[in-house]
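Worksheet: the structure to be examined is printed underneath.
Every read-out reported here was derived from the displayed coordinates using simple, explicitly stated rules and does not represent laboratory data. Predicted model, so just to flag it, every value in this text is computed and none were measured. Cβ coordinates were reconstructed from backbone atoms using ideal geometry, including for glycine residues, and neighbour counts include every protein chain displayed.
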Amino acid sequence: MNDMNEQNISKSQKKTVLPKKLLFAAIFVLCIILDRVTKYAASSFFEKEWDSVTVIPGVLNFTYVLNKGAVAGILADNRWVFMSISCVAVAALAVYLAASKKVGALLGASLSMVAGGGVGNLIDRFESGRVVDFIDVTAVNFFPFNCIFNVADIFVCVGCCMIIAALIADEIKEARAKKANSRERRRTGK
């Protein structure tokens, strides 16, 4: 009887794991497509680097930049560093998502976003050695220069924030479960 329940549980787990993995794959692919389409649009619209269009005065510009480095062009002469790190990170995320059976929806979606954004920028680095950046938020300047970024960067940053939220939610859920178990043990005397 016990073996029968275990078989039913594993069958139901398999049924929910596959749709989740398909969802994660769809998010990954959608992130890459959105990044590629927006970069293509920016590259087609602007004639030369540093051309700019004001979208919302004092808040948002679209400024075409070809970035050879990381944030604000740091380490511009070391593109192999970014390519190596990106390849390893994306491969690790893909293996983790494929192999893990207990990845929650929030964590899986966020890891897919980070991987999709990483691949979007990786494609640029392989194609031309530079990443197309064009989103220029002028209302918020934390640095002595404008940070100009792209859709892939948004997916990576939002995905990282979602990973933190997923980890915090898991910790809270675990703490509540321990507290409930502790109460139950005290109540039953075990």
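What's the extension gain from ILE56 to ALA139 if we count 0.36 nm per residue and subtract their Cα-Cα distance?
On the way: separation 83, 0.36 × 83 = 29.88 nm, distance 0.96 nm.
Going from the current span to full extension adds 28.9 nm.
Assuming 0.36 nm per residue, please report the length gained on full extension of the stretch LYS48 to LYS179 beyond their Cα-Cα distance.
Values: separation 131, 0.36 × 131 = 47.16 nm, distance 6.06 nm.
Roughly 41.1 nm would be gained on extension.
With the dipole of region 124-190 worked out from charges on the C-beta (+1 for Lys and Arg, -1 for Asp and Glu) around the Cα centre, which of CYS161, VAL140, VAL151 lies farthest toward the positive end?
Going by the charge dipole, the pick is CYS161.
Here is the link list: LYS20/LYS173; LYS68/LYS101; LYS21/LYS173; LYS101/LYS178; LYS39/LYS68; LYS102/LYS178. Which ones come out longer than 27 Å on Cα distance?
Details: LYS20/LYS173 20 Å; LYS68/LYS101 38 Å; LYS21/LYS173 23 Å; LYS101/LYS178 22 Å; LYS39/LYS68 15 Å; LYS102/LYS178 19 Å.
Too far apart for the 27 Å limit: LYS68/LYS101.
Given ALA177, VAL90, GLY129, which one lies farthest toward the positive end of the charge dipole of region 73-190, if we put +1 on the Cβ of every Lys and Arg and -1 on the Cβ of every Asp and Glu?
In region 73-190, that residue is ALA177.
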